[in-house]
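Chemist: Could you have a look at this structure, given as structure tokens, before my questions?
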Amino acid sequence: MSTAVTEEQIEKLVVESLETFGADPGEISREATFEALDIDSLDLAELSQIVHEQFDVELKGSDVAEVKTVEDAVKLIASRV
Amino acid sequence: MSSAAERGGCALVTGGSRGIGSAIASALAAEGWPVGVNFRSGDQAAGETVARIEQEGGRALAVRADVTVPEELDRMFETLEQAFGRVLVLVNNAGVRCDDLAISLTDADWGQVIDTNLNAAFRATRRALRGMIRERFGRVINLASVVGPRANAGQANYAAAKAGLIGMTKTVAVEVARRGVTVNAIAPGLIETDMTADLDGELLGAVPARRAGRPDEVAACARFLASEQAGYVTGSTLYVDGGLAA
């Protein structure tokens, strides 16, 4: 992972994005599942786009399909930046 | 908000230099949208469309791109995004005909029509949706045809492409509806354009209205579908055919 982007910055972006998609801020945690947060495949596609815009990281649909929790998403993005 | 165009961004009309595409470009410009007038060949016609829009107080940019070439399609979007901002209205109008009876239709003629009329529309839609879902607003308008829902001997390729467009319209509409993005199709019947100039005049006899339609009559429907007021219309196909498909 590049020193330019920290895991905390990634988590902040993910959490802010989830709130934009309508997830309850009180329910968002590292362990929370996207299913529990009512985050669906279109939301994850938009999250991929936001990540691309912010960090220039390309996430494929097959990558995102494996992501189940907030922590999964943060770890996946962190492994690519 | 009285006009959707007040939010910024722009419209893109593929195959916008002539006929129905040119009329739609003018109608969207009149609604306040800066318009990308895409053309593959015939830069003079594209220039005339842009000049007409500018004379009427609108903004437009002619953009050359073969929509069947993904790199050219991407460059066209980038050009428009730099000039006007995100493409928030996409009109997939570019189309070709290569007619023959199915028994004689070549793979090349089949492929060219599917690639231009269907595959390119999908790629343009996928590209435009990125900006639309981020903006929580978008209008995709696919120019289908009465051919597809109806048979027309000699146009198996064209019918397959246009029926495919209608199927794509419905599914993409469902996928993005909750982001404020609508996806609809317009199915023109016999419209007076260069593309239909060689068609048999006897076809008019099958049109209940007993006349061909005009490009501006199709454009008026596109203008409505692009509007703020059409925000609850999605996944639909609007027939502009003088009753032909009724």
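Read-outs: derived from the displayed coordinates by stated rules, not from any lab. Keep in mind that what you see is a predicted model, and the values were worked out from it rather than measured. Note: ideal-geometry Cβ built from the backbone for every residue, glycine included; neighbour counts use all protein chains shown.
Chemist: Within region A:1-57, can you find the residues that are in a helix (DSSP H, G or I), of a type in the set (A, V, I, L, M, F, W, C) and under 11 Å from the mean Cα position of the chain (by Cα)?
Modeler: A:Ile10, A:Leu13, A:Val14, A:Val15, A:Leu18, A:Leu44, A:Ala45, A:Leu47, A:Ile50, A:Val51 - these are the residues of region A:1-57 that are in a helix (DSSP H, G or I), of a type in the set (A, V, I, L, M, F, W, C) and under 11 Å from the mean Cα position of the chain (by Cα).
Chemist: Let me ask something additional. Just give me the residues in region B:173-201 being farther than 16 Å from B:Val147 by Cβ, charged (D, E, K, R) and away from every other protein chain (no Cβ under 14 Å), in sequence order.
Modeler: Of everything in region B:173-201, those that are farther than 16 Å from B:Val147 by Cβ, charged (D, E, K, R) and away from every other protein chain (no Cβ under 14 Å) turn out to be B:Glu192, B:Asp194.
Chemist: Shifting gears a bit: Of the residues that make up region B:43-62, is at least one in contact with a helix residue (DSSP H, G or I) (Cβ under 7 Å, 6 or more places away or on another chain), touching a residue at least 40 places away in the same chain (Cβ under 8 Å), in a helix (DSSP H, G or I) and not β-branched (Val, Ile, Thr)?
Modeler: Checked against the condition, which is being in contact with a helix residue (DSSP H, G or I) (Cβ under 7 Å, 6 or more places away or on another chain), touching a residue at least 40 places away in the same chain (Cβ under 8 Å), in a helix (DSSP H, G or I) and not β-branched (Val, Ile, Thr), region B:43-62 yields no hits at all.
Chemist: Looking for whichever is in contact with a helix residue (DSSP H, G or I) (Cβ under 7 Å, 6 or more places away or on another chain), of a type in the set (Ser, Thr, Tyr) and in a strand (DSSP E or B) here; the options are B:Thr234, B:Thr182. Which one fits?
Modeler: It is B:Thr182.
Chemist: Being more than 14 Å from every other protein chain (Cβ to nearest Cβ), over 17 Å from B:Ile133 (Cα atoms) and in contact (Cβ under 8 Å) with a residue 24 or more places away in the chain, is that true of even one residue in region A:20-27?
Modeler: no
Residues are listed down the side, and each one gets a yes or a no for (1) closer than 30 Å to A:Glu16 by Cα; (2) surrounded by fewer than 22 Cβ atoms within 10 Å (Cβ to Cβ); (3) hydroxyl-bearing (Ser, Thr, Tyr):
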position: B:Trp110; (1), (2), (3): no, yes, no
position: B:Val113; (1), (2), (3): no, no, no
position: B:Leu129; (1), (2), (3): yes, no, no
position: B:Glu135; (1), (2), (3): yes, yes, no
position: B:Leu143; (1), (2), (3): no, no, no
position: B:Arg150; (1), (2), (3): no, yes, no
position: B:Gln155; (1), (2), (3): no, no, no
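Chemist: B:Ala187: of a type in the set (A, V, I, L, M) and in a helix (DSSP H, G or I), yes or no?
Modeler: Here the answer is no, as B:Ala187 does not meet what is asked.
Chemist: Now for a separate question. Hey, among the residues in region B:122-156 that are closer than 20 Å to B:Ser236 by Cβ and of a type in the set (Lys, Arg), which one's nearest to the other protein chains (Cβ to nearest Cβ)?
Modeler: B:Arg139
Chemist: Moving to a separate point now. Counting only residues that are charged (D, E, K, R) and away from every other protein chain (no Cβ under 14 Å), which one in region A:29-45 is surrounded by the fewest Cβ atoms within 10 Å (Cβ to Cβ)?
Modeler: This residue is A:Glu31.
Chemist: Turning to a different aspect of this structure: How about region B:94-115: which of its residues are in contact with a Cys (Cβ under 9 Å, 6 or more places away or on another chain) and either of a type in the set (Lys, Arg) or part of a loop (DSSP other than H, G, I, E, B) (or both)?
Modeler: Selection gives B:Leu105, B:Thr106.
Chemist: Can you find a residue that is touching a residue at least 12 places away in the same chain (Cβ under 8 Å), farther than 15 Å from A:Lys12 by Cα, within 14 Å of chain B (Cβ to nearest Cβ) and touching a strand residue (DSSP E or B) at 6+ places or on another chain (Cβ under 9 Å) anywhere in region A:46-68?
Modeler: no
Chemist: Just to verify a result, which residue in region A:1-12, among those that are surrounded by 13 or more Cβ atoms within 10 Å (Cβ to Cβ) and in contact (Cβ under 8 Å) with a residue 60 or more places away in the chain, is nearest to the other protein chains (Cβ to nearest Cβ)?
Modeler: A:Ile10
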